[in-house]
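Enquirer: Could you have a look at this structure, given as structure tokens, before my questions?
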Amino acid sequence: MSPVSRQMIAEQIVGAAARVGSAWAFGVPGGGSNLDIAGACDRHGIRFILTHTETAAALMAGVTGELTGAPGIALATRGPGAASAANGVANALLERAPMVLVTDCVTEEDRPRVSHQRFDQQAFFAPVALASTAVNGLDSSLAESAVDATLVQPPGPVHLDVDPSATHPARVSRTPSEQVIPGSLADVLANARHPVIVVGVGVVCLPPDQMASVTSVINDLAARSHVPVLTTYKARGVVPDGAEYTAGVITGATIERHVLHAADLIIGIGFDPVELLPTPWEYPAPLILTGEWALDDADFFGERLTATAVGPLQNLVETIASTLNSEWPEGTGRHFSLQLQEACRSGNRDTQMGMHPADVVEIVSDQVPSGAIATVDAGAHMLVAVPLFHVEDPHHMLVSSGYATMGFAVPAAIAASLVCPDRRVVAFTGDGGAGMVLGELETLARLGLPVVVVVFNDSLLSLIAVKQRPEDQGGPEIVNYATTDFAMVAQGCGMRSWRARSSGELKEAMALALEHQGPSLIDVVVDPSSYSQIYAALRE
């Protein structure tokens, strides 16, 4: 049988993605099949966005998958292009985000004579993707099954090599977890008097209509019973910050302990240990986990895991709502969340070295319009940005939590602004994360997106500095950068920008940035000295 053309394979892959609602593709074309994929995107009404790195392209594809429920597409050339995309693919895997990475490759037919840029890309991506295979076009259903696989719970990425000469490409197949509802679940729920609900990524990665229904049931239950609700970083906004039952965030560290130690039952709804820090689960209350997929690392919770219910989350949450009792007084959740906010404000607030990081977040949060979306990079600033930025709805805070990669916030902000053009987007990043994605500032400027990038600039890897033992883990050169003026860098990329050293300067810069219809950057000089106290209050 003669090989199918690359154009036909591109049509099969892109057509399969368009069928399930994909609308965005990102990448750095390298010729070959990449251009065929880009052309197919154009024909199927999928907008292609040129990026500066394949890592950023894959991050953007994953975020569009999170926001729309349909897989984003990333494309990369073979060899270095494919390898560069790996970080974004791994992020999609651990953030439970549907995406498709399509790569050019040295074809099976050419491998005997071509060694340039050749390595086993399918083996390379196998550990960081749900599936990694070739598409040769002979079986048109292979591309469809691969795209469909990204949407089975938990969602995630697949990798496809375009290879017309591949002789035995592996078929991609995933099936939903079987439903298991222990008979004792109702009894455990009925006997609780001080339950605490923990909401996780399993709620926000549902298809949009299902997520809305589950979110509604959770909020109705909590409002009626005053049950405190903790959310993981990914689930921020499932319960609105203004609600009296919202108790703050859970990370697997210090700040949620006073809530969970007071519970006589902990109920996980879409709660996945991938979102927690690798610290022991030490709470004495029985734990129930409900979700749409079976956890392969449920041993994390030890003997306290009393029951697991796997199945349609809508049904499971309705069962909880109809059975659960509570004797919590009204406002218990708010009491706990206020304690969290105060912990974020630890440290010196009266300094001449720069702004307190909590003040940066609160000023920005106060000035952005209602419904703004925040993207948050990994780093010390995450400790204050995630709890303090005001969030009222799911997906209005986007963060790399399970994977926790730096360099996430700016690509995520680009994707969020493309998907939600009617909303303001703010990207919170440190100087370390910003330095990793400087090229994407040009992408922001070229697209003219209404994104405000806020850089916490202390010329330091602050979170690592907090953990460093100078006596045996190196000196300051291990974690210190030279001073960088990110405002000047942004200007060079065509963005409006300002540098702020005080609350007054930041308020003025934010006002000007919000008046501007295009992208802007505010380079905020922050004092890192408070991070050690904040870290101790939240995580030690």
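Enquirer: Work out which helices of the chain, taken as complete DSSP H runs, extend at least 27 Å along their axis over the Cα atoms and score a mean Kyte-Doolittle of -1.0 or more, then list them.
Expert: Counting only whole DSSP H runs, no helix qualifies.
Enquirer: Report, in debye and to the nearest 20, how large the dipole of the chain comes out about its Cα centre when Lys and Arg carry +1 and Asp and Glu carry -1 on their Cβ.
Expert: Roughly 560 debye, rounded to the nearest 20.
Enquirer: Post the alpha-carbon centroid distance, the range 67-91 to the range 469-540, in whole angstrom.
Expert: 28
Enquirer: Also, quick follow-up: Run the numbers on the range 401-472 and let me know its relative contact order in percent, using alpha-carbon pairs under 8 Å that are six or more apart.
Expert: Taking the mean separation of contacting Cα pairs over the length of the range 401-472, I get 35 percent.
Enquirer: Sticking to Cα atoms, compute the Rg of the range 435-540 to one decimal and its Dmax as the biggest Cα-Cα distance, whole number, in Å.
Expert: 16.1, 50
Enquirer: In Å², what does the accessible area per residue of the range 394-540 work out to with a 1.4 Å probe?
Expert: 38
Enquirer: For the range 348-424, with all protein chains present and a 1.4 Å probe, just round the carbon and sulfur fraction of the accessible area to a whole percent.
Expert: Carbon and sulfur: 44 percent of the exposed surface of the range 348-424.
Enquirer: If you don't mind, there's one more thing I want to ask. How large is the dipole of the range 86-176 about the Cα centre if only Lys and Arg carry +1 and Asp and Glu carry -1, each at its Cβ, rounded to the nearest 20 debye?
Expert: So the magnitude is around 240 debye.
Enquirer: May I ask you to list the residues of the range 129-164 whose amide nitrogen lies under 15 Å from a point 7 Å from Cα along the Cα→beta-carbon direction of Arg43?
Expert: 137
Enquirer: Take the alpha carbon atoms of the range 322-352, find their center, do the same for the range 238-281, and report the distance between the two centers in whole angstrom.
Expert: Taking the Cα centre of each part, the range 322-352 and the range 238-281 sit 12 Å apart.
Enquirer: Now a separate question. Return the percentage of antiparallel bridges among DSSP beta bridges fully within the chain, rounded to the nearest 5 %.
Expert: Rounded to the nearest five, the antiparallel share is 5 percent.
Enquirer: Below 15 angstrom from the Cβ of Val479, what's the summed charge of the other residues (Lys, Arg +1; Asp, Glu -1)?
Expert: Combined, the nearby Lys, Arg, Asp and Glu give -3.
Enquirer: Contact order normalised by length for the range 244-321, with contacts defined as Cα pairs under 8 Å and 6 or more residues apart; what percent is it?
Expert: Once normalised by length, the contact order is 27 percent.
Enquirer: Per residue, how many Å² of accessible area does the range 254-350 show with a 1.4 Å probe?
Expert: On a per-residue basis, 44 Å².
Enquirer: Per residue, what accessible area does the range 1-151 have, given a 1.4 Å probe and all protein chains present, in Å²?
Expert: I get 36 Å² per residue for the range 1-151.
Enquirer: What share of Cα pairs, in percent, lie more than 42 angstrom apart in the chain?
Expert: 21
Enquirer: I want the local charge near Arg304. Using Cβ-Cβ distances under 13 Å, sum +1 for each Lys or Arg and -1 for each Asp or Glu among the other residues.
Expert: -4
Enquirer: Based on Cβ point charges of +1 for Lys and Arg and -1 for Asp and Glu, what charge dipole magnitude is obtained for the range 341-390 about its Cα centre, in debye rounded to the nearest 20?
Expert: That gives a dipole near 60 debye.
Enquirer: Moving to a separate point now. I need two numbers for the range 369-465: Rg to one decimal and Dmax as a whole number, Cα atoms only, in Å.
Expert: Reported Rg and Dmax, both Å: 12.6, 39.
Enquirer: I would also like to ask the following. May I ask which residue of Leu93, Leu185, Val384 lies farthest towards the positive end of the charge dipole of the chain, with charges of +1 (Lys, Arg) and -1 (Asp, Glu) on Cβ and the Cα centre as origin?
Expert: Leu93
Enquirer: Let me ask another. Putting +1 on Lys and Arg Cβ atoms and -1 on Asp and Glu Cβ atoms, find which of Val135, Ala146, Cys493 reaches farthest to the positive end of the dipole of the chain.
Expert: Cys493
Enquirer: Counting only C-alpha contacts under 8 Å and six or more residues apart, can you give the relative contact order of the chain as a whole percent?
Expert: Relative contact order of the chain: 13 percent.
Enquirer: For the range 51-91, with all protein chains present and a 1.4 Å probe, just round the carbon and sulfur fraction of the accessible area to a whole percent.
Expert: 54
Enquirer: With a cap of 13 neighbouring Cβ atoms within 10 Å, and only residues DSSP puts in a loop, list the GluC sites (Glu not before Pro) found in the range 237-341.
Expert: Glu282, Glu327, Glu330
The values are calculated or read from the model by the stated rules, or taken from the named source; none is laboratory data. Fair warning: this is a prediction, and the values are worked out from it, not measured in the lab. Neighbour counts run over all protein chains shown; Cβ positions are idealised from the backbone, glycine included. To get the accessible areas, we keep the full protein, side chains included, count just its heavy atoms, and leave off ligands, DNA and RNA. Shrake-Rupley method; radii C 1.70, N 1.55, O 1.52, S 1.80 Å.
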